[in-house]
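The values are calculated or read from the model by the stated rules, or taken from the named source; none is laboratory data. Since the model is a prediction, treat every value here as computed from it, not as a measurement. Here the Cβ positions follow ideal geometry from the backbone for every residue, glycine too, while neighbour counts run over all protein chains shown. Just the protein is used for accessible areas: all its heavy atoms, side chains included, with ligands, DNA and RNA removed. Shrake-Rupley method; radii C 1.70, N 1.55, O 1.52, S 1.80 Å.
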Amino acid sequence: MDETISGKSPVGRRLSRIQKSEQRFLVHNGRRVKLIDEMTIGRDKSNTITIDDPLVSRIHCIVRRIRSSWYVEDIGSTNGTWINGKQLIKGRAVRLNPDDIIKLGGRIEVTLA
């Protein structure tokens with residue numbers, strides 16, 4: 001007995017309507033890092049993305065998924081975090097959109113791709 005599900009069968013049609021999750025990446029200096037549910041960016045080696053720059057705090061910001069959207073939050077950095085030129089308020093998460101540019105410490109850019 002063949003157990004293949006045809007795209008034209010009732011089950012196949014239902015499966016084709018299920019949204020496939022889009023993979024998202026953060027890009028820094030040409031390096032793509034696949035987004036996971038929660039990741040930190042900063043100078044400390046314990047961060048998901050480590051950036052060796054004196055204007056970047058040890059743990060500068062956090063990027064996390066809330067439902068199906070991605071948010072960034074400045075978690076008390078010394079030199080600030082910006083999204084598309086607008087500075088974030090520390091402790092307030094802001095929703096990210098594709099191609100948004102996250103700027104850390106005024107000069108380091110990370111892009112959502």
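Give the number of residues within the range 28-45 that are more than 12 Å from residue 108 (Cβ to Cβ) and in contact with a Ser or Thr (Cβ under 8 Å, 6 or more places away or on another chain). Can you show your working first?
So in the range 28-45, the residues more than 12 Å from residue 108 (Cβ to Cβ) come out as 30-40, 44-45.
Checking the rest, the ones that are also in contact with a Ser or Thr (Cβ under 8 Å, 6 or more places away or on another chain) come to 33, 36, 39-40, 44.
Total meeting the criteria: 5.
For the range 82-93, what are the residues that are β-branched (Val, Ile, Thr) and under 14 Å from residue 111 (Cβ atoms)?
Passing the criteria: only 83.
Just one of the numbered conditions (1) touching a Leu at 6+ places or on another chain (Cβ under 7 Å); (2) at pLDDT 95 or above; (3) loosely packed, with under 14 Cβ neighbours inside 10 Å is not true of residue 71; which one?
Going through (1) touching a Leu at 6+ places or on another chain (Cβ under 7 Å); (2) at pLDDT 95 or above; (3) loosely packed, with under 14 Cβ neighbours inside 10 Å one by one, residue 71 breaks only (3).
Hey, any hits in the range 95-108 for a residue that's exposed (fewer than 12 other Cβ atoms within 10 Å of the Cβ), modelled with pLDDT of 95 or more and farther than 12 Å from residue 26 by Cβ?
Residues of the range 95-108 exposed (fewer than 12 other Cβ atoms within 10 Å of the Cβ): 95, 97-99, 107.
The next check asks that each one be modelled with pLDDT of 95 or more; those that pass are 95.
Keeping just the survivors that are farther than 12 Å from residue 26 by Cβ gives 95.
Yes: the range 95-108 contains one or more residues that are exposed (fewer than 12 other Cβ atoms within 10 Å of the Cβ), modelled with pLDDT of 95 or more and farther than 12 Å from residue 26 by Cβ.
Which count do you get for residues in the range 65-113 that are farther than 15 Å from residue 39 by Cα, part of a loop (DSSP other than H, G, I, E, B) and of a type in the set (Val, Ile, Thr)?
Of the residues in the range 65-113, 2 are farther than 15 Å from residue 39 by Cα, part of a loop (DSSP other than H, G, I, E, B) and of a type in the set (Val, Ile, Thr).
Mind listing whichever residues of the range 43-53 are modelled with pLDDT of 95 or more and open to solvent by 70 Å² or more (accessible area, probe 1.4 Å)?
43, 45, 46
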